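To keep things clear, I will list the structure first and then write my remarks on it.
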């Protein structure tokens with residue numbers, strides 16, 4: 001608690017000229033939080049992608065990966081604020097104080113649904129029922145040597161994008177409020 | 001045959017879809033385009049008739065559910081189809097003149113064509129559900145057409161009324177259909193293996209279940225509402241708000257015939273056990289029937305009573321009418337009553353009456369409606385008291401009106417006489433066969449017919465006598481408006497002159513469709529000797545002629561009687577008003593706009609349904625025992641979760657509440673870890689974290705604390721919480737009583753794998769994944785996952801919409 005107070009104090013004392021108006025987050029969060037988040041967010045994202053990729057054989061999958069990804073974004077939002085995420089990370093114009101990133105999130109879950117649907121429709125072309133999945137074993141690859149490619153991964157990817165997009169849309173909108 | 005039938009039914013719909021485009025190109029001449037579409041349908045129906053098509057034609061619709069789109073072609077179907085397409089051609093041509101300069105013509109023609117298609121569908125449907133679908137489509141198009149003048153208050157009222165009455169009747173009919181399809185094990189109406197083919201067995205099943213009379217009444221209710229039988233006749237006079245061609249087409253010649261069509265179609269079914277009366281003719285039939293008849297069939301007493309009551313009541317109302325279209329509307333209901341009574345009678349003549357009168361009524365009533373259209377269009381009024389001596393201005397129309405109204409009055413040698421004579425004959429034999437109160441049938445038939453005679457002559461008198469001074473200039477109608485009634489008038493004349501040709505051509509087949517057992521050929525002729533029913537006709541005409549000079553006094557007398565609850569309309573208006581007021585007073589209780597009210601209702605409802613279902617299914621409580629692997633750690637973790645849950649209820653603020661709640665969530669996650677469910681644990685942990693953040697974001701907006709609730713509210717909430725908690729607890733107990741083995745078996749079964757012992761490897765072999773949870777999610781039950789991600793996307797969209805809408809509202 002005292003740490004937070006001290007951090008807030010420091011932020012208020014710090015000169016604004018250096019950081020500029022888009023870095024208002026310094027007023028609310030501590031150096032410790034910012035540093036920790038800076039280190040952990042990439043790790044979280046990596047873990048999320050790993051969970052997504054290994055989902056078919058080990059604990060994980062599209063849904064967990066997606067929720068974890070959303071958590072990473074939440075950390076950025078909470079610690080750095082939406083302006084930072086938009087202007088510095090996504091390179092968006094934040095002049096009119098709207099939450100432009102939500103437009104991207106919307107595209108994300110639409111794309112996810114499309115991918116999932118498409119992965120379900122492909123089997124129809126081969127005369128299998130909707131959403132039939134198949135597995136192919138690839139041998140003799142460089143580095144990997146042996147790799148299993150499951151068509152279910154395409155579907156999982158759809159799940160991943162839909163859930164990430166959906167959660168971030170909700171978070172972004174509610175957060176803006 | 002199948003192609004022709006499909007073309008007949010769907011061509012009008014295609015035509016309707018194209019109408020807006022055509023209207024852009026042709027403008028008012030769209031009428032002739034629509035008439036051309038109808039003419040093609042007529043030609044196709046004629047082709048069906050000429051090739052002697054008969055029987056079932058079907059296309060698979062939803063093969064996996066055993067639903068097919070079946071059509072059935074026979075005499076009755078062809079007659080109704082002829083009426084729909086033939087009168088359709090005439091009406092659409094006539095509309096070209098009548099609708100000149102009227103608004104909304106593209107909509108008008110499109111709806112008329114769609115209606116025609118639906119009516120052809122009703123006529124040709126060979127499947128209960130196809131019939132029902134087309135049936136409701138006719139109601140729908142009738143609604144649009146009655147409400148043609150959309151800004152007109154009375155036209156809105158009329159459209160709503162017809163919609164309410166006919167559609168709700170249709171729903172009752174649907175219930176009847178469900179009973180029929182349950183009892184018969186098929187939805188086919190006629191043909192091999194259909195309801196009609198197995199009528200005896202199906203009726204027996206219905207009787208054993210005690211459903212025979214209810215089914216009869218339900219189907220009858222559908223027919224009665226559609227065919228404007230008492231007391232549902234109230235919508236028909238209001239429906240005259242529609243443009244006159246619509247009244248002539250829907251509300252005299254075709255749509256209202258759907259009800260009698262239904263009655264005719266199901267007559268052989270419901271009368272199947274009583275087919276003794278239909279084997280022979282005349283006295284032989286009467287004798288055979290007298291020997292076999294033990295009691296009046298339910299079908300007969302329900303429908304003959306309904307039909308005769310309608311015929312009489314609406315004939316009286318027609319005499320009380322002040323507007324020519326109102327008069328014709330009531331008379332339509334009256335004649336429909338006659339047809340229903342005919343089909344109701346359990347003897348040969350009954351079926352003959354119905355079959356022949358469908359044709360006769362369509363011919364003379366459509367003529368009269370078109371004549372009425374000419375009068376209102378050219379004379380500018382429909383008020384009976386201000387019309388008279390129109391023959392000076394409209395000579396050709398006067399001849400047509402004379403022909404048609406004499407036929408309607410049932411005066412020999414016009415065609416209306418023959419079918420009315422058949423009604424008297426069948427009513428007389430009913431009395432003779434069953435005796436007692438059934439002698440009322442012929443008496444009432446004569447009584448009602450007297451009024452029919454009176455209003456028919458009244459309509460004719462509009463053209464006779466001196467020209468009323470109040471009438472302004474009366475124009476000659478354009479050819480497009482005169483030709484259609486002329487064609488119909490010629491039809492009346494032809495049927496009158498050579499009725500047996502018409503019978504041989506089509507009425508005989510119609511009769512065969514409605515007859516029980518073997519049908520024979522029949523013929524009509526002018527009476528040569530005195531028989532009871534000839535006497536009945538004579539009485540009708542004689543008494544009618546005697547009463548004619550008193551017409552105005554009778555008219556006034558009827559109008560003075562029509563007050564308050566005597567009018568069926570009073571019941572309708574008050575009923576609708578009461579329901580509206582009732583709904584309005586209920587809404588504020590249910591729709592409070594407070595989230596807690598909705599939550600309370602939803603939760604209580606779900607709990608009640610679930611508990612009720614458990615009770616109804618009679619499930620017992622499974623034995624609760626400590627599961628294997630219950631270690632100290634598990635007990636400890638769950639114990640902490642419990643403490644967390646208890647702490648939530650006493651938390652002093654929102655933030656504290658949410659934080660304590662997350663203790664519960666994280667403990668559950670730890671429990672998953674201890675229980676060897678890493679996937680669940682991962683998900684639970686991450687979701688818990690996210691939810692916590694969202695909660696904290698939202699809490700910022702809520703008031704600081706709940707305030708102290710009222711005692712009553714608190715008690716209600718406590719009861720609700722206990723109920724919901726209990727339900728969930730019970731559900732979990734019951735749902736987990738099944739062992740995981742059976743879940744695996746079920747999944748294997750769903751995946752279409754060979755049954756037998758399967759363990760985890762089966763998932764590996766089948767789904768190519770070692771993570772069972774994920775293989776289930778993305779492979780075995782991928783369809784469910786698909787649904788779930790759609791829900792996620794939907795939820796995101798709703799949040800987006802809600803919040804955006806609110807901010808937009810605030811900005812305004």
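Where a number appears in this text, it was derived from the coordinates with a stated rule and is not lab data. These numbers come from a predicted model, not from an experiment. So basically every Cβ, Gly included, is an ideal-geometry build from the backbone, and we count neighbours across all protein chains shown.
Remark: B:509, B:192, B:393, B:152 ranked as B:192, B:152, B:393, B:509, counting other beta-carbon atoms within 10 Å and listing the fewest first. The value obtained for the range B:410-506, namely the Cα convex hull volume divided by the number of residues, is 140 Å³ per residue.
Determine the shape class of the range B:596-726: with a ≥ b ≥ c the square roots of the Cα gyration tensor eigenvalues, call it rounded for a/c under 1.5, and otherwise prolate if a/b is greater than b/c, oblate otherwise. Cα axes put the range B:596-726 in the oblate bin. Shielding of peptide B:685-696 by partners, expressed as the average count of other chain Cβ atoms within 10 Å per residue Cβ, is 5. Pairs of alpha carbons in the range B:367-465 separated by more than 20 Å make up 47% of all such pairs. As a rough footprinting exposure proxy, the listed residues B:3, B:326, B:628, A:103 were ranked by other beta carbons within 10 Å of their own, and the order from fewest upward is B:628, B:3, A:103, B:326. Subtracting the Cα-Cα distance of residue B:178 and residue B:574 from their residue separation scaled by 0.36 nm leaves 139.4 nm. Principal-axis analysis of the Cα atoms of chain B puts helix B:2-26 at an angle of about 90° to the longest axis.
Give the shape of the protein assembly as shown as rounded, prolate or oblate, defined through the alpha-carbon gyration tensor: a ≥ b ≥ c are the square roots of its eigenvalues, a/c under 1.5 means rounded, and otherwise the shape is prolate if a/b is larger than b/c and oblate if not. Taking the square roots of the gyration eigenvalues as a ≥ b ≥ c, the protein assembly as shown is prolate. Averaging the inverse of every distinct alpha carbon separation and then flipping it gives the Kirkwood radius. What is it for the range B:274-586, in angstrom units? Result for the range B:274-586 stands at 20.5 Å.
Based on Cα contacts under 8 Å between residues 6+ apart, chain B shows a relative contact order of 10 percent. Entry for the range B:117-217 at q = 0.14 Å⁻¹: log10 I(q)/I(0) = -0.62, Debye formula applied to identical alpha-carbon scatterers, no solvent contribution. Across peptide A:102-110, the average count of Cβ atoms from other chains found within 10 Å of a residue's Cβ is 2. Helix B:324-344 and the longest principal axis of the C-alpha atoms of chain B enclose an angle of approximately 80°. Note on the range B:503-644: Cα convex hull, mean projected area over all directions, 25.8 nm². Estimated from helices alone, the mean residue ellipticity of the protein assembly as shown at 222 nm is -23500 deg cm²/dmol (sum of -39500 (n - 2.57) over DSSP H runs with n ≥ 4, per residue). Across the range B:309-429, Cα-Cα pairs more than 18 Å apart make up 53 percent of the total. Shape class of the range B:449-560 from the alpha-carbon gyration tensor: oblate, with a/c at 1.5 or above and b/c at least as large as a/b. Helix B:30-50 and the longest principal axis of the C-alpha atoms of chain B enclose an angle of approximately 80°. Considering all C-alpha pairs of the range B:9-127, those separated by over 21 Å amount to 41%. Cα-based radius of gyration for chain B, normalised by 2.2 N^0.38 Å, reads 1.23. Panel order for B:626, B:21, by other beta carbons found within 10 Å of each beta carbon, from fewest to most: B:626, B:21.
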